[in-house]
Each structure stands twice: as structure tokens, then as C-alpha cells.
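What follows is a set of notes on a single structure, which appears directly below.
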Amino acid sequence: MNHSIHVEGHAYSLRPVQARDAQFIFDIRSSSTARHRYIHPIGPCIAQQREWIDSYLARKNDYYWVIQRNSTGKEEGLVGIYDLDNEIGSAEWGRWILWPSSLGAVESALLIYRAAFQHLNLKSLYCITVADNKPVVSFHDSCGLPRIGTMKGKFSLPDGVFDGIKHECLLSAFPSLVDLLEPKAKMISQRLSRSQ
Amino acid sequence: MTKTEIEAATREILESFLGEEISAGTSRSNSAAWDSLQHMQIVFALEEKFAVQFTEDEIPTLDSFKAIVGSVIERHES
């Protein structure tokens, strides 16, 4: 969806994906690291990525962001909220990917929850993670999010069929999540400032 | 600090955050609980324990017991 929601953090921000991000999206999603075996494969060329972005920009209830480093303006990752159900105020977040060297995981997770609850006014936000992707499953566990279900055979990927683990954050739990992640995001930001 | 002391302290920090027994071969790739949030908490705890400051480039490389011990030893020797 062509939206204008910016979410600013201490060291990182979310800015809307635009057509010009096609090369970055192509590069990061096709880079061959072990962690990327759990994301859906993309087309073999940049032209297909541009087509995907065009169709995404025309779509409703689908928000995609670049995770951007504030101090450099550099793109370090991607994240999205989609499948909004406006009736019940619920949506899924995912498409979360960062360069391996990025320290943006903690703050980008906080920012996506801010996007959901403070910008989109959702009542709940869930994510479904490939069960085999243990570090990401653990991350959501570490954030204190309850696992609300296992979805058998949810993901069909080149490496096989995988179950999905669903975590959910209700609006009522958002303050606790902020209490947990905000201090960590600030510490990371201070560390990044000292490194420059 | 001696290497043995560094290893013991590192093991203690990793065990406290990961909630599992730490061996010389423990790494992010074989520890299910070693996620991005735990990683930063581990890094901050290591910095406090060893009075060191890792660079932004170093932080992602501290992805195993061995890598951490090696990096701390290098810091203390320089």
C-alpha cells in the first residue's frame, strides 16, 4: 500500500517502501545466508521485484517498511504489517529481514508494534514464524509474547514444509512490551553513537 | 584475568541468559535461545563484566563461546 507512515526510533526508523527500494529488497532477500532459508524465495531478477512493489503499492491493508539507520540513512532491513482485518482490528506482521551485521532487530521489533498500536490503531498484532527458525521463535518468546498456536504445514519453502508458530500481542500487552524493549533500544542506540 | 577466569565468567553470563548448559562449542547457530534480544543483553553483560567495549562491527561476530573468549582475551592483552 502506498502509505506515509514513518515511525522514528532512537537509532532506527521505519520508512515506507517505495519503488526505488527494488534493488535493496532484491539484494537483501536474495543474499545467501543460512537464516534466509526460512523466507519465501523471490524472482530471479530485479524486474520481477519492481513488479511486486508496483502491485504492493496498489494493494490495500498492506504496509511495508524499510528499516533505516537514522545516523546514516542506510537501509538495513525490511518489515511489514499485512492481512489487516479492520473489523476486529487485527493484523499480521512479518517480512522481517535484516542484514546479518545489523543491530536493528530489537528496535525494529519495537517500532513495528508502535506502528500497529500507535499509528494503525490495531487491537492485536500477531506473527507466524517458521517453527524451525528457532532464533526468531525465541525472540518472540523473549519479548514475552504468548504462543497461541502451532499451524501444521503452514510454510511451503524450497527446503521443505514447515509448521508455523503463532505469537500474539494484544493492545493491553503493548505497554509491557515497550517497558521491555525500549531500554534495550536506547542502550543499543547509545552504543551505536559511541561507535561513530 | 586468566583465560580460565574469562571462560568461567563468559560461561556464567551465557548460562544466565540462555538458560542452558554452555560448552566450548556453544554458538548462536546451535543454541535455540540465543536470539537477537538475548544477544544484545549478553553483549552488554560481557562489556560490564570485562570492562571492555566492543565495536559495532565486533558485536555480530560475538556469536559463540569461543569467539567471545577470544575477543575478550585479545582485548585484555592489548
Checklist (1) buried (at least 20 other Cβ atoms within 10 Å of the Cβ); (2) part of a helix (DSSP H, G or I) applied to A:GLN118, failing item: (1)
Wholly within chain B, helices (runs of 4 or more DSSP H) carrying at least 1 residues that are under 21 Å from A:ALA185 (Cα atoms) and touching a residue at least 12 places away in the same chain (Cβ under 8 Å): B:3-18, B:36-50
Count of residues meeting criterion [on the phi < 0 side of the Ramachandran plot and part of a strand (DSSP E or B)] in the stretch A:95-115: 3
Candidate set: the stretch A:121-155, residues that are within 14 Å of another protein chain (Cβ to nearest Cβ) and part of a loop (DSSP other than H, G, I, E, B); chosen: the one farthest from A:ASP179 (Cα to Cα): A:ASP132
Verdict on A:GLY73 being within 14 Å of another protein chain (Cβ to nearest Cβ) and either closer than 18 Å to A:ALA19 by Cα or in a helix (DSSP H, G or I) (or both): no
Every residue from the stretch A:82-107 that is under 11 Å from the mean Cα position of the chain (by Cα), among the small types (Gly, Ala, Ser) and more than 14 Å from every other protein chain (Cβ to nearest Cβ): A:GLY94
In the stretch A:39-70, the residues that are more than 14 Å from chain B (Cβ to nearest Cβ) and within 15 Å of the chain's Cα centre (by Cα): A:ILE39, A:HIS40, A:ASP62, A:TYR63, A:TYR64, A:TRP65, A:VAL66, A:GLN68
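Here, each number is a calculation from the coordinates, and none is a lab measurement. Keep in mind the model is a prediction, meaning the values are calculated, not measured. Backbone-built Cβ (ideal geometry, glycine too); neighbour counts: all protein chains shown.
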